[in-house]
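To start, the structure under review is shown below, and the notes come after it.
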Amino acid sequence: MKQRGDEKHDALRRTLYLLAGVGLILQLVAGCQKQKKERPTGKAFGQQELLVGLIPEQNIFRQRERYRVLRTYFLERLGITVNFTSLSRYGNIIERFTAEKMDGAFFGSFTYALAHRQLGVEPLVRPVNLDGTSTYHGYIFVRKDSGIRNSGDMKGKRFAFVEHATTAGYIFPLAYFKASNIPDPQRYLGQSFFAGSHDAAILAVLNREADVGSAKNTIFEQLASENPRIEQELIILATSGVVPQNCLAVRKDLDPDLKVELKRVLLEMEKNPEGAEVLRKFGARGFVETTDRDYAYLYTLTAQVGIDLNTYHYKNK
């Protein structure tokens with residue numbers, strides 16, 4: 001039989017085990033609470049919702065699906081709701097940004113330049129393409145069987161631009177014609193029209209609705225990977241210099257802490273499994289910081305064609 005001293009010893013040991021178990025549970029709970037505190041979710045910013053515009057570089061339904069994964073990620077990481085609004089046309093983004101009280105937009109290079117000069121928006125980040133680049137350039141292209149090989153062959157032909165406010169789809173072709181001593185391409189060409197998106201301009205030439213077209217290389221190459229006819233039937237005649245990929249820029253009076261957190265969350269996406277999966281669905285390697293200095297080539301291009309970004313206004317029809 002156990003002695004009374006042994007019974008006391010056993011009771012004390014059981015008590016110590018119990019206390020150790022409770023201590024371990026408390027440590028686990030504290031650890032979870034610490035993790036929750038370290039995650040920025042639910043942090044109090046000046047606002048808990050953001051409205052971000054998307055320019056229509058491709059089919060808007062396809063584009064909306066692409067950005068949907070970012071909306072979920074922002075909600076989980078920052079505790080804020082990001083609502084994306086698709087612009088039906090590139091045109092009039094300055095007016096819509098102001099009228100709809102947008103907080104930011106994924107601007108194309110030229111629309112960014114306009115919004116920066118006229119509204120003071122501030123660039124944060126831009127995506128890194130799957131090939132490791134974070135820039136794009138413009139293409140001017142024709143059908144291989146068109147007989148068109150230079151600007152001289154384009155006289156009287158049909159040209160498919162994208163929109164008035166695109167670098168690859170309008171500003172670059174203007175500079176191309178000016179370098180060829182053709183100051184007024186509208187009079188030089190037989191017909192020109194604005195397709196509304198880069199993929200639409202490419203398909204217009206492919207399907208013989210236009211003789212010449214212009215678009216950004218990333219959309220051209222994406223479509224070529226899906227449709228072998230593009231590589232088989234189209235040829236690129238001219239290539240522009242590089243400009244930043246579509247950049248997230250925000251209004252200048254947005255909560256400074258929110259600007260910092262938005263940039264941080266996007267820059268760190270590739271460092272965690274959840275972020276890496278979102279990037280895979282989004283179609284990018286990650287994001288890189290963007291500054292106004294990255295647009296030097298674009299500013300040179302607009303000066304060459306005589307565009308004053310401070311006063312440039314246009315109406316797409």
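Within segment 161-190, restricting attention to residues that are outside any helix (DSSP H, G or I), among the small types (Gly, Ala, Ser) and out of contact with any strand residue (DSSP E or B) (no Cβ under 7 Å at 6 or more places or on another chain), which residue is surrounded by the most Cβ atoms within 10 Å (Cβ to Cβ)? Write out each step before concluding.
Taking segment 161-190 as the starting set, the residues that turn out to be outside any helix (DSSP H, G or I) are 161-166, 180-184, 189-190.
Checking the rest, the ones that are also among the small types (Gly, Ala, Ser) come to 165, 180, 190.
Filter once more, keeping what is out of contact with any strand residue (DSSP E or B) (no Cβ under 7 Å at 6 or more places or on another chain): 165, 180.
Details: Ala165: 25, Ser180: 15.
Per the criteria, the residue is Ala165.
Considering segment 206-223 alone, what residues qualify as being under 19 Å from Pro56 (Cα atoms) and not basic (Lys, Arg)?
Once the filter is applied, which keeps residues that are under 19 Å from Pro56 (Cα atoms) and not basic (Lys, Arg), segment 206-223 yields Gly213, Ser214, Ala215, Asn217, Thr218, Ile219, Phe220, Glu221, Gln222, Leu223.
Confirm whether Leu70 is farther than 28 Å from Lys216 by Cα and either at pLDDT 85 or above or surrounded by fewer than 13 Cβ atoms within 10 Å (Cβ to Cβ) (or both). Show your work before the answer.
Values: farther than 28 Å from Lys216 by Cα: no; either at pLDDT 85 or above or surrounded by fewer than 13 Cβ atoms within 10 Å (Cβ to Cβ) (or both): yes.
No.
Given the conditions (1) in contact (Cβ under 8 Å) with a residue 40 or more places away in the chain; (2) among the acidic types (Asp, Glu); (3) over 23 Å from Gly152 (Cα atoms), and given that Glu209 satisfies all but one, which numbered condition is not satisfied?
For Glu209, the exception is condition (3).
Could you tell me which residue of segment 79-123 is most open to solvent (accessible area, probe 1.4 Å), considering only residues that are closer than 19 Å to Val288 by Cα and either touching a Pro at 6+ places or on another chain (Cβ under 7 Å) or acidic (Asp, Glu) (or both)?
Only one residue fits best here, namely Glu122.
Based on this model, can you work out whether Lys263 counts as of a type outside the set (Val, Ile, Thr) and modelled with pLDDT under 95?
Criteria not met by Lys263.
May I ask you to list the residues in segment 145-160 that are among the charged types (D, E, K, R), assigned to a loop (DSSP other than H, G, I, E, B) and out of contact with any Gly (no Cβ under 9 Å at 6 or more places or on another chain)?
If the condition is that a residue be among the charged types (D, E, K, R), assigned to a loop (DSSP other than H, G, I, E, B) and out of contact with any Gly (no Cβ under 9 Å at 6 or more places or on another chain), then Arg149 is the only one that fits.
Considering every residue within segment 307-317, establish whether at least one is in contact with a His (Cβ under 9 Å, 6 or more places away or on another chain), assigned to a helix (DSSP H, G or I), touching a residue at least 24 places away in the same chain (Cβ under 8 Å) and closer than 26 Å to Thr98 by Cβ.
Among the residues of segment 307-317, not one is in contact with a His (Cβ under 9 Å, 6 or more places away or on another chain), assigned to a helix (DSSP H, G or I), touching a residue at least 24 places away in the same chain (Cβ under 8 Å) and closer than 26 Å to Thr98 by Cβ, which makes the answer no.
The values are calculated or read from the model by the stated rules, or taken from the named source; none is laboratory data. Everything numeric in this text was worked out from a predicted model, so none of it was measured. Glycine gets a Cβ as well: all are built from the backbone with ideal geometry, and neighbour counts include every protein chain shown. SASA here: full protein model, heavy atoms, side chains in, ligands and nucleic acids out. Shrake-Rupley method; radii C 1.70, N 1.55, O 1.52, S 1.80 Å.
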